[in-house]
Amino acid sequence: MNAIRYRDSNMELLRITAMLLVVLFHIDFINFNFPENQLDIFNQPLSAYLKIWGVCATYTCVDIFILLSGWYGIHPKKSRFLEFIFQVLFYSSISYALFLIFDEDVKFSWNFLIHILITDDYWFIPIYIILYCFAPVLNYFAENASKQQFAITIIACLILQSLYGWISPKEMGFLEGRSPFSFFILYLLARYIHLHAEHLRNLNKKRCSVFFVLTVSITAAIAFVGYFKGIPYIIDTIFKFSSLLTIAASVLVVVFFYQWKIRYSKLINWIGRSCFAVFLIHCFPYFSDNIFHSTIMNLYNQFTGITFAVLVVLFVISIYILSILMDQLRILIWNSIYRPDLKKQVG
């Protein structure tokens, strides 16, 4: 995931925050005792709206990651690509081995092992690899197209994605924003903003915050109407990574952190380098189903209010810390394999 040349601490903090949003998004609070019919929503409108608002806010997580990659641009290198693949295989293999040892219900499967890179829970990885491979082509266009050509291309792509990948009731090719083309659009959008959209890039943090809250509130209000009126089309349309509203909110988050100038922080950059481990660990299929979601549901069934919220926060933080610490072992092993010169220097 390390796709930027200059590891600015403010943008590394954005990377850390985006991963936190991923974890919160996967908790999916909307499923906790959510009113599913018009009468329940009418009796508990504020509770229903706040749950929807939280989901809409965290729905920006994936778009933020791709925008962050495009902000500085991915510059493919063999060492970075191999390290990325090694990181995925490292956590997949260890996670699978641990469940085979300690969970009697998990049986060894060659089919699962072979497809470990493309399990449903890891859908992000193959699409990101495609983006990584196509980055030089996208970079060439971004660097050589005129500002007008660039803008027209972005606008055209966003319109086409909106027509066929967002509001279309039977869209297939864009996969609700989980397709290579959708990632290309976000990548180029971030490149355009960073290179040409000075007014948007320099939007102050206060305005970014206000516009973000406003955008998410409008999105949540539309979804609320969909639930209240029982219109699945509205609900399905709102909850897509290809939604213009989600993309707009994601852009505002990126600009907010860009404006949040932070002096170099070794701690932030250290955490930022390893935060993808959080995704790989908590999204591993067996961990996600047997530990992550089951723990959250058990906490929800046993506790309420502030106690439940505090315990969830502690659980999420513990996953984050353990993942970051575990990644130091992965880095040590990778350096010993791919950069044996480090051992000579230490010796």
Relative contact order in percent for the stretch 45-179 (Cα pairs under 8 Å, 6+ apart) equals 21 percent
Sorted list, accessible surface of protein heavy atoms, 1.4 Å probe, largest first, for Glu104, Glu171, Glu176 is Glu104, Glu176, Glu171
Sorting Met326, Met19 on solvent-accessible surface, 1.4 Å probe, most exposed first, gives Met326, Met19
Taking a probe of 1.4 Å and leaving out DNA, RNA and ligands, the chain shows per residue an accessible area in Å² of 51 Å²
Whole-percent carbon and sulfur contribution to the accessible surface of the stretch 3-117 (1.4 Å, no ligands, DNA or RNA) stands at 63 percent
With a 1.4 angstrom probe the carbon and sulfur portion of accessible area for the stretch 229-299, in percent, totals 66 percent
Scoring the chain by relative contact order with C-alpha pairs under 8 Å, at least six apart, yields a percentage of 30 percent
Pairs over 32 Å Cα to Cα, from Lys147/Lys205; Lys147/Lys266; Lys51/Lys77, come to Lys147/Lys266; Lys51/Lys77
Note on the stretch 145-194: contact order normalised by length, alpha-carbon pairs under 8 Å, 6 or more apart, percent, works out to 33 percent
With 0.36 nm assigned to each residue of separation and the Cα-Cα distance removed, Leu195 to Ile130 gains 21.1 nm
Pseudo-spin-label distance His293 to Phe42, built 7 Å along Cα→Cβ, given in nm, is 3.2 nm
Residue separation between Ser217 and Ile152 times 0.36 nm, minus their alpha-carbon distance, gives in nm 20.5 nm
Ignoring trypsin sites (Lys or Arg not before Pro) buried by more than 14 other Cβ within 10 Å or outside DSSP loops, the longest site-free run in the chain is 171-260
Once the in-chain neighbours fewer than 8 apart are removed, the lysines whose Cα is under 19 Å from Lys206 read Lys261
Note on the chain: helices (DSSP H) long enough, at least 24 Å by alpha carbon along their axis, and hydrophobic enough, mean Kyte-Doolittle at least -1.0, are 9-27, 78-102, 124-144, 147-165, 205-229, 305-338
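The values are calculated or read from the model by the stated rules, or taken from the named source; none is laboratory data. Keep in mind that this is a model prediction, so the values were computed, not measured. Every residue, glycine among them, receives a Cβ derived from its backbone with ideal geometry; neighbour counts consider all protein chains shown. Accessible surface is based on the protein model in full, side chains and every heavy atom, while ligands, DNA and RNA are left aside. Shrake-Rupley method; radii C 1.70, N 1.55, O 1.52, S 1.80 Å.
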